[in-house]
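The values are calculated or read from the model by the stated rules, or taken from the named source; none is laboratory data. Since we're looking at a predicted model, the values are computed, not measured. Every residue, glycine among them, receives a Cβ derived from its backbone with ideal geometry; neighbour counts consider all protein chains shown. Just the protein is used for accessible areas: all its heavy atoms, side chains included, with ligands, DNA and RNA removed. Shrake-Rupley method; radii C 1.70, N 1.55, O 1.52, S 1.80 Å.
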Amino acid sequence: DHGDDTGAGTLADPLLTIDNAIATAVEMGLAYVHVIEGTYDQQIHLGSGVSVIGGFNSDGTHSGDASRTVVRTGSGIGVIADGIDDAGVSWLTLEVSGNRGGSVYGIGAANATNLVFEHLVVITDDAPDGADGDPGTDGAGGQGGTAGTVGCFYSDTSCTRPAGGTGGSSTCAMTGGA
């Protein structure tokens, strides 16, 4: 258990979600959110002026190990920085997967300046298969083959059976017949 979102946001009374901790830090004018080791199933939305630092032990000391704090999301983007300034993320492992037909990004940033990302491990799944495409149209018909040579009756053993005509051609360079 990482805390409760009604908490004070201190080591003794931590908040449950990183986003709530970021919002509290922005509101209070704090520059850092310290994230205690563990796995957090959530997406992170950065706020202006706040950096998120993972890798903290439960006693408040820093482990120096990004693998100790894991943020996991299936939303397709692990960290979103949109329309913000002076923020960052460090000492986290991001595990990001996505939904069918969508792209997968560890970090998505737009209209943002002075962002710092360091000491991160970013693991993204391959993007899922996209939606099936529309069926193609039928190809053009092939051209007729050449006429075969005159044959002989099956029972006539003195006759050498001639080969058939060559196969027709098509617009995709495949020949028909044999």
Mean separation of Cα contacts under 8 Å (6+ apart) over length of region 55-108, as relative contact order %:
39 percent
Ignoring ligands and nucleic acids, what accessible area does Val122 show with a 1.4 Å probe (Å², nearest 10)?
70 Å²
Full-extension gain between Asp65 and Ser90, please, as 0.36 nm times their residue separation minus the C-alpha to C-alpha distance.
8.0 nm
Could you compute how much accessible surface His119 exposes when probed at 1.4 Å, giving the result in Å² to the nearest 10?
100 Å²
Which order do you get for Thr39, Thr146 if you rank them by accessible area with a 1.4 Å probe, largest at the top?
Thr146, Thr39
Decide, for region 1-83, between rounded, prolate and oblate: order the square roots of the alpha carbon gyration tensor eigenvalues as a ≥ b ≥ c, take rounded if a/c falls under 1.5, and otherwise choose prolate if a/b is larger than b/c, else oblate.
rounded
Amide hydrogen neighbours beyond the local backbone of Ser75, cut-off 5 Å, H modeled:
Ser97
Whole-number accessible area per residue in Å² for region 9-92, which is evaluated in the context of all protein chains at 1.4 Å:
44 Å²
Over region 18-124, relative contact order from alpha-carbon pairs under 8 Å, at least 6 apart, %
24 percent
With a 1.4 Å probe and all protein chains left in place, how much of the accessible area of region 46-111 comes from carbon and sulfur atoms, in whole percent?
43 percent
Ala12 versus Ala31: modelled label distance in nm, points set 7 Å from Cα along the beta carbon direction:
2.6 nm
Near-label residues of region 22-40 by backbone N, under 15 Å of a point 7 Å along Cα→Cβ of Val116:
31-34
Can you give the FRET efficiency to the nearest 0.05 for Asp138 and Thr39, using r as the Cβ-Cβ distance and R₀ = 45 Å?
0.30
When the solvent-accessible surface of protein heavy atoms is calculated with a 1.4 angstrom probe, in what order do Ser90, Ser58, Ser48 fall, highest first?
Ser58, Ser48, Ser90
